[in-house]
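First up is the structure itself, then whatever we jot down about it.
FYI, it's all coordinate maths here, none of it is from the lab. From a predicted model like this one, the values you see are computed outputs, not experimental measurements. Don't worry about glycine lacking a Cβ; one is built from the backbone with ideal geometry, like all the others, and counts go over all protein chains shown.
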Amino acid sequence: MIQRIACNAVLASAILVLGGCGGVSLWPFEGDKQQNVSRTPPGASAYVCEGGKRLYVRYLDGGAAAWVILPGREFRLNKTAAAAGSRYGNGSTTLDIQDGVATLADGATVTHSGCKQSAS
């Protein structure tokens, strides 16, 4: 009985301590806009798109694949044949990069266009 009370007390203390850490976030899309601009995921390239949208791309396996990072969603796209530039896809989503401008499409719907690589 005493051990159970002690365990509950330790658990309650841990929850209180960890709850105080709730203000720390490493996700690049949360917080104020100043934080969003300055926080690129490690190893990723930041793109600023039309309409103020952003996306991040981490190239994998020497450019054979791209890991796309969006608010609330991350996914891998494999390099496919392209007439010009680079194209990555997974059967439903495509990322086209030509002359430094990226376009992301989900099926026939373009979700991010005019995306230019930024320093942050």
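Applying the Karplus parametrisation 6.51 cos²θ - 1.76 cosθ + 1.60 with θ = phi - 60° to the phi angles of the stretch 110-117, what ³J(HN,Hα) value in whole Hz is obtained for each residue in order, glycine and proline being reported as x?
7, 9, 9, 10, x, 7, 10, 5
Work out from phi, with θ = phi - 60° and the Karplus expression 6.51 cos²θ - 1.76 cosθ + 1.60, the ³J(HN,Hα) of each residue of the stretch 72-89, listed in order in whole Hz, and give x for Gly and Pro.
Along the stretch 72-89, the couplings run x, 7, 9, 7, 9, 10, 8, 5, 10, 5, 9, 5, 8, x, 10, 10, 10, x Hz.
Under 15 Å from the 7 Å Cα→Cβ point of Q117, by amide nitrogen: which residues of the stretch 64-87?
Hits in the stretch 64-87 for Q117 at 15 Å: 64-67, 85-87.
What is the set of long-range amide H partners of T93 at a cut-off below 5 Å, with H atoms built 1.01 Å from backbone N?
The list, which skips near neighbours in sequence, is G107.
Expected output is a single nm value to one decimal: the length gained when fully extending between T80 and A108, i.e. 0.36 nm times separation in residues minus the C-alpha distance. What is it?
Details: separation 28, 0.36 × 28 = 10.08 nm, distance 1.72 nm.
Here the segment from T80 to A108 would lengthen by 8.4 nm.
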